[in-house]
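Participant: Shown below is the structure under consideration.
The values are calculated or read from the model by the stated rules, or taken from the named source; none is laboratory data. Keep in mind that what you see is a predicted model, and the values were worked out from it rather than measured. These accessible areas exclude ligands, DNA and RNA; they are computed on the full protein's heavy atoms, side chains included. Shrake-Rupley method; radii C 1.70, N 1.55, O 1.52, S 1.80 Å.
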Amino acid sequence: MADFKLHRLLPAFLVLFVLLVPSVIAAGCQCPEEEEDGGVRNKTLALKYKIVAIATILLAGILKVFIPLLGRALPALSPDKDIFFVVKAFAAGVILATGFIHVLPDAYENLTSPKLKENPWAKFPFTGLVSMVAAIATLMVDAGASSYFTRLNLNKAQPETDGDGEMHPACHAHGSAKVLRHRVISQAKLRTRAAVIMAVFFCLTTPIGIAIGIGVANSYDEASPKALIVEGILNAASAGILMYMALVDFLAAEFMSLRMQRNAKLQFFADVALILGAALMSLLAIWA
């Protein structure tokens with residue numbers, strides 16, 4: 001295994017710093033009144049932030065998926081490098097803080113608004129319920145996909161014959177365990193064309209969603225009870241999904257791997273990156 005050195009972290013953290021700076025500046029700037037008369041959100045100011053968000057997320061998505069793809073041609077950018085473990089730990093911290101600090105409180109505020117009927121919205125913690133259901137549903141989809149790939153691999157495997165003439169599947173238990181945790185991401189060994197198509201869809205999904213949201217937001221009253229319920233439920237579901245992704249797909253899969261357990265230096269830097277990502281994203285809640 002290649003030695004893990006601090007200077008390898010600098011390019012990645014420089015990119016992450018550049019991506020975070022616009023958000024911090026925009027959040028911390030002394031802008032004009034953020035609310036209009038009557039406490040209604042300033043939609044013109046919000047639109048500017050959303051446009052910045054579209055550009056920032058699009059750029060981040062492009063970097064996220066195409067750098068690992070370039071790793072096929074450039075070994076220095078291979079996702080198997082230690083630096084990518086640290087970057088993924090940083091990302092997990094950001095995602096975890098987004099779910100707990102930003103999205104979940106907004107969902108709670110929506111679903112406990114005094115504009116909603118006391119029965120049932122004030123009688124039961126719907127925010128936690130929706131988040132829990134979303135996390136469980138994500139687990140079921142994840143487990144179902146992993147099971148599908150496992151069965152697919154077992155069915156394609158050719159049987160082997162041992163010395164006694166007994167037939168055994170070519171895919172042994174150890175291999176099946178690896179397939180079980182298989183994830184369809186840029187790290188997948190796909191054909192170049194399929195990988196590029198998936199990467200493009202990944203990059204465009206969130207920006208297009210924001211653009212659709214901008215259009216929809218102009219056609220309804222965001223302070224109405226129906227809007228509060230819909231927004232609250234969607235926020236709560238998003239929080240549950242984000243928490244699952246951060247804790248299971250990122251942290252559990254990487255931090256419990258043999259590679260991480262055998263490399264104390266890598267584990268230390270991954271811990272630092274995790275805390276740093278969560279801290280920076282939590283800090284933004286002061287202005288957001």
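Participant: With every protein chain present, what accessible area does Leu59 have (1.4 Å probe, heavy atoms only), rounded to the nearest 10 Å²?
Facilitator: Solvent-accessible area, nearest 10 Å²: 90 Å².
Participant: In segment 232-288, carbon and sulfur make up what percent of the accessible area (probe 1.4 Å)?
Facilitator: The computed percentage sits at 74.
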